[in-house]
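I have placed the structure first, in the form of structure tokens, so that the comments after it can refer back to it.
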Amino acid sequence: GAVVSQHPSWVICKSGTSVKIECRSLDFQATTMFWYRQFPKQSLMLMATSNEGSKATYEQGVEKDKFLINHASLTLSTLTVTSAHPEDSSFYICSARVPTRATLYEQYFGPGTRLTVT
Amino acid sequence: AQRVTQPEKLLSVFKGAPVELKCNYSYSGSPELFWYVQYSRQRLQLLLRHISRESIKGFTADLNKGETSFHLKKPFAQEEDSAMYYCALSTGKLIFGQGTTLQVKP
């Protein structure tokens, strides 16, 4: 099956600094990746859709200048949380869309990155 | 509006009991629905896709367009089924329900 990795798995940063999270598709090429945010014991909230070679599409209410997404290659998308604040502390999950025969597309998820802003 | 509703936040059953996790959706087009499962400290993984009409780990789910539902069922729950279950609607991107925690007691 398709494998998606994320790095780092957890990160602690100081308020006001920026942190970059990487999402890689290990054994396939992903033209489309997605970034989600998950609060404890809650569902996944889609933040943005990342398309290789073009600008990301952000969901309503997500600050594009705060959450910078770059999808420069078919196997790598990055999420940079700029000027992080404690309220940005969360679990960030990426997924990659894979075309399949059974359905039009399926999504495979990374293991997530735990961000703690102090 | 496109929406997925999982009315139960927590479902607690005893081992061997039947399980039904409810999912209702709202979508004007032809729905493509999935069930995802997240075991403790593991990543989200695909459990079922409605179009395949499959049975995975004893779980099945039938799409009922009349009732706009896609409930997940298993006749005999096992302790290892304890996890968080998410129903999701694909519209090019996935829209997740709120999730239901299934707790199977010994």
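Is there a residue in the range A:4-27 that is within 29 Å of B:GLN2 (Cα to Cα) and out of contact with any strand residue (DSSP E or B) (no Cβ under 7 Å at 6 or more places or on another chain)?
The answer is no, given that none of the residues of the range A:4-27 is within 29 Å of B:GLN2 (Cα to Cα) and out of contact with any strand residue (DSSP E or B) (no Cβ under 7 Å at 6 or more places or on another chain).
Name the one entry in A:ASN51, A:ASN70 that is within 14 Å of chain B (Cβ to nearest Cβ) and surrounded by 13 or more Cβ atoms within 10 Å (Cβ to Cβ).
After applying the criteria, what remains is A:ASN51.
If we keep just the residues of the range B:84-106 that are closer than 15 Å to B:LEU11 by Cα, touching a Leu at 6+ places or on another chain (Cβ under 6 Å) and buried (at least 17 other Cβ atoms within 10 Å of the Cβ), which is farthest from the other protein chains (Cβ to nearest Cβ)?
My answer is B:LEU102.
For the range A:12-53, which residues satisfy the criterion of being among the aliphatic types (A, V, I, L, M) and over 14 Å from the mean Cα position of the chain (by Cα)?
Going residue by residue through the range A:12-53, those that are among the aliphatic types (A, V, I, L, M) are A:12, A:19, A:21, A:26, A:30, A:33, A:44-48.
Across the range A:12-53, the qualifying residues are A:ILE12, A:LEU26.
Give the residues of the range B:71-106 that are over 14 Å from B:VAL19 (Cα atoms) and under 12 Å from the mean Cα position of the chain (by Cα), sorted by residue number.
Selection gives B:TYR86, B:CYS87, B:ALA88, B:LEU89, B:PHE96, B:GLY97, B:GLN98, B:GLY99.
Tell me, which residue of the range A:96-118 that is part of a strand (DSSP E or B) and surrounded by fewer than 16 Cβ atoms within 10 Å (Cβ to Cβ) is nearest to the other protein chains (Cβ to nearest Cβ)?
As a first pass, look at the range A:96-118 and keep what is part of a strand (DSSP E or B): A:96-99, A:105-109, A:113-117.
Those left that are additionally surrounded by fewer than 16 Cβ atoms within 10 Å (Cβ to Cβ): A:99, A:105, A:114, A:116.
On the way: A:PRO99: 12, A:TYR105: 7, A:ARG114: 11, A:THR116: 17 Å.
Among residues in the range A:96-118 that are part of a strand (DSSP E or B) and surrounded by fewer than 16 Cβ atoms within 10 Å (Cβ to Cβ), the one nearest to the other protein chains (Cβ to nearest Cβ) is A:TYR105.
State the number of residues belonging to the range B:47-82 that are surrounded by fewer than 18 Cβ atoms within 10 Å (Cβ to Cβ) and assigned to a strand (DSSP E or B).
5
Which one of these is of a type in the set (Lys, Arg), more than 18 Å from A:TYR36 (Cα to Cα) and touching a strand residue (DSSP E or B) at 6+ places or on another chain (Cβ under 6 Å): B:LYS9, B:LYS22, B:LYS74, B:LYS57?
After applying the criteria, what remains is B:LYS74.
Give me the residue from the range A:80-95 that is part of a strand (DSSP E or B) and more than 14 Å from chain B (Cβ to nearest Cβ) and, out of that set, surrounded by the fewest Cβ atoms within 10 Å (Cβ to Cβ).
Here the residue is A:THR80.
Those residues that are part of a strand (DSSP E or B), within 10 Å of the chain's Cα centre (by Cα) and surrounded by fewer than 20 Cβ atoms within 10 Å (Cβ to Cβ), I need them from the range B:1-23; list them, please.
Hit for the range B:1-23 is B:GLU20, nothing else.
Out of all the residues in the range A:27-48, which are surrounded by fewer than 17 Cβ atoms within 10 Å (Cβ to Cβ), within 11 Å of another protein chain (Cβ to nearest Cβ) and among the polar types (S, T, N, Q)?
If the condition is that a residue be surrounded by fewer than 17 Cβ atoms within 10 Å (Cβ to Cβ), within 11 Å of another protein chain (Cβ to nearest Cβ) and among the polar types (S, T, N, Q), then A:GLN42 is the only one that fits.
Residues in the range B:48-83 that are within 12 Å of chain A (Cβ to nearest Cβ), under 16 Å from B:GLN6 (Cβ atoms) and aliphatic (A, V, I, L, M): how many?
Within the range B:48-83, the subset within 12 Å of chain A (Cβ to nearest Cβ) is B:48-54.
Okay, now just the ones that are also under 16 Å from B:GLN6 (Cβ atoms), so B:48, B:50.
Now restrict to residues that are aliphatic (A, V, I, L, M): B:48.
Result for the range B:48-83: 1.
Out of all the residues in the range B:12-35, which are modelled with pLDDT of 95 or more and within 12 Å of chain A (Cβ to nearest Cβ)?
none
Looking at the structure I just gave you, is A:TYR58 surrounded by 16 or more Cβ atoms within 10 Å (Cβ to Cβ), farther than 25 Å from B:GLN42 by Cβ and either within 14 Å of chain B (Cβ to nearest Cβ) or of a type in the set (S, T, N, Q) (or both)?
yes
The values are calculated or read from the model by the stated rules, or taken from the named source; none is laboratory data. Only a predicted model underlies this, so the values are computations on that prediction, with no experimental measurement involved. Quick reminder, even Gly has a Cβ in these numbers, built from the backbone with ideal geometry, and neighbours come from all protein chains shown.
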